[in-house]
1. Check cross-link reach from K10 to the lysines: straight Cα distance under 27 Å, and skip same-chain residues fewer than eight apart.
2. Return an integer: the convex hull volume of the alpha-carbon atoms of the range 152-311, in Å³ per residue.
3. The chain: Rg/Rh from Cα coordinates, Kirkwood Rh?
4. What does the highest-first list of 17-24, 316-323, 250-257 look like by mean Cβ count within 10 Å?
5. What is the range 1-152's relative contact order, in percent, from Cα pairs under 8 angstrom and six or more apart in sequence?
6. On each of the three principal axes of the Cα atoms of the range 387-427, give max minus min coordinate, whole Å, ordered largest first.
7. Which of the listed residues, F227, L201, T164, is farthest toward the dipole's positive end in the range 135-259, when Lys, Arg count +1 and Asp, Glu count -1 at the beta-carbon?
8. Please give every one of the aspartates and glutamates within straight-line cross-link reach of K488, meaning a C-alpha to C-alpha distance under 19 Å, and leave out same-chain neighbours fewer than 8 residues apart.
Amino acid sequence: MIGKEQTSTKTPISPDIVKNDKYFESRIGLGTSNFDVGVRRFKILNKEVHLYYLNGLCDTAFIIQILEELVNINDNEKNSYQAFQIIENRLVHQQVSTIKNLDEAVDTILSGLILFLVEGEDSGLAVDVRSYPGRTPQEPDTEKVIRGARDGYVENIIVNCALTRRRIRDERLRNEIMQVGERSKTDICVSYIQDVADPDLVRIIKKELSKINVDGLTMADKTIEEFIVHQGFNPYPLVRYTERPDVAATHLLEGHVVIMVDTSPSVIITPTTMFHHVQHAEEYRQAPAVGTLLRWTRFIGIIASIFLLPLWFLLVLEPEMIPKAIDYIGPNEKSNIPIVVQIFLADMGIEFLRMAAIHTPTPLSTAMGLIAAALIGQIAIDVGLFGPEVILYVAIAAVGTFATPSYELSAANKIARLFLLVLVAIFKVPGFVIGCTIYFLFLVNIRSLNTPYLWPFLPFNAKALLQIVIRTSVPGAKLRPSIVHPQKPFKQ
């Protein structure tokens with residue numbers, strides 16, 4: 001198994017089928033402490049045959065069909081010396097593999113496959129009849145589009161691979177699967193196009209995955225991200241998440257590598273820059289002019305979510321800097337509570353509302369929002385807790401945060417905004433200038449899998465930057481992004 005060192009030799013399958021039963025009893029609690037692990041014993045051509053299965057992860061209809069076919073062997077065959085070969089030939093399924101040791105057999109059973117062991121044979125037969133519980137593909141809530149596909153990734157890695165394969169029917173698309181986690185043994189799929197993706201990038205990702213040594217991946221793709229990119233306390237996302245197969249397919253065609261983790265409805269796209277997190281599928285579902293307008297509007301919202309509040313607060317502290325044409329932007333009423341405290345309280349209040357909306361049932365979340373806006377907000381202004389201008393600019397910054405396509409990027413931008421507010425409150429103009437400089441240098445020094453975070457702005461690439469600023473038409477975008485080092489720079 002990839003993801004752990006094999007420190008002990010593997011236990012071979014014994015021709016004595018009773019010994020195998022005892023091994024399963026001690027290893028996985030067969031018939032004792034695990035009610036969902038079962039065995040079905042029957043005879044074929046005077047040979048004892050055992051079928052091992054895991055309730056809940058197997059499709060019973062397939063198992064019944066296979067058993068009917070096997071039981072009929074006793075009526076049609078007489079040669080008991082070739083029982084194993086006859087059974088293998090009668091397994092009516094497209095995915096049948098040979099198992100050589102009991103350690104692999106345990107992993108096979110716990111993954112949802114069924115296992116056949118035949119008396120007198122030192123090999124087993126595994127049949128993939130998995131039927132994982134899950135939902136049908138549907139449009140992701142965080143990546144909705146007005147026009148476009150309404151299917152999205154689900155928690156089943158097999159379905160997710162199929163959704164991608166449906167969009168890229170190229171024989172060079174590779175889906176390499178491995179298992180990570182000493183106890184969870186979670187399936188992970190590394191997807192890439194063989195003659196497009198950078199072989200060094202694929203090798204680095206598979207190497208990082210193979211070095212993961214952890215009990216389990218209960219948080220699925222997020223845990224994988226932390227092991228691959230070594231993010232630490234850096235709040236800015238170093239990989240991109242998406243639940244849309246069309247977005248993942250687009251990045252695969254550009255030369256990116258996609259990592260799928262079983263039980264997670266989102267996939268990881270690597271490598272990515274900051275500008276990958278500010279794009280949205282809706283831009284490519286509209287005409288280039290409309291897509292460019294949407295992109296610029298989104299850029300303005302993202303910039304406002306970071307710099308609007310600190311800049312307005314600076315002008316409040318330094319009113320002589322306000323031009324006469326806009327001298328009305330300052331607070332017109334004095335308050336007993338300092339402006340900086342009002343800003344932090346209002347920002348925290350919006351975060352409270354966001355968390356409450358997540359944990360509130362949908363029919364009640366709308367009513368909760370109305371109560372918060374009409375009662376709490378207005379009453380807070382009337383009693384003098386907040387100034388109207390504070391509510392206005394905090395709300396604009398919050399809308400800019402919600403307009404950011406990537407939730408991870410919006411959360412990181414909020415931390416940057418609070419950082420700038422603290423510096424402005426302490427040092428005023430020098431604090432704003434120094435804070436913006438530190439923020440810019442911080443982004444410049446971020447690298448994700450050896451990829452500069454601000455590419456194509458730094459290092460500067462005029463053509464690539466133009467495609468980010470302006471949504472070019474598909475026929476005009478003939479080059480793949482050079483930052484992923486594709487083997488074929490030109491799109492076919």
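1. Answer for K10, where 27 Å is the Cα cut-off: K19, K22, K47, K100, K185, K206, K207, K211, listed by chain and number.
2. Here the figure is 130 Å³ per residue.
3. Reported Rg/Rh, Kirkwood definition of Rh: 1.09.
4. In decreasing order of mean packing, 17-24, 316-323, 250-257 become 250-257, 17-24, 316-323.
5. Relative contact order here is 27 percent.
6. 31, 24, 7
7. So the residue we want is T164.
8. List returned: D170, E171, D195, D198, D200, E254.
The values are calculated or read from the model by the stated rules, or taken from the named source; none is laboratory data. Worth saying up front: this structure is predicted, and the values here are computed from it rather than measured. When we count neighbours, we look across all protein chains shown, and the Cβ atoms used for this are built from the backbone with ideal geometry, even at glycine. Surface areas here come from the heavy atoms of the whole protein model, side chains and all, with no ligands, DNA or RNA. Shrake-Rupley method; radii C 1.70, N 1.55, O 1.52, S 1.80 Å.
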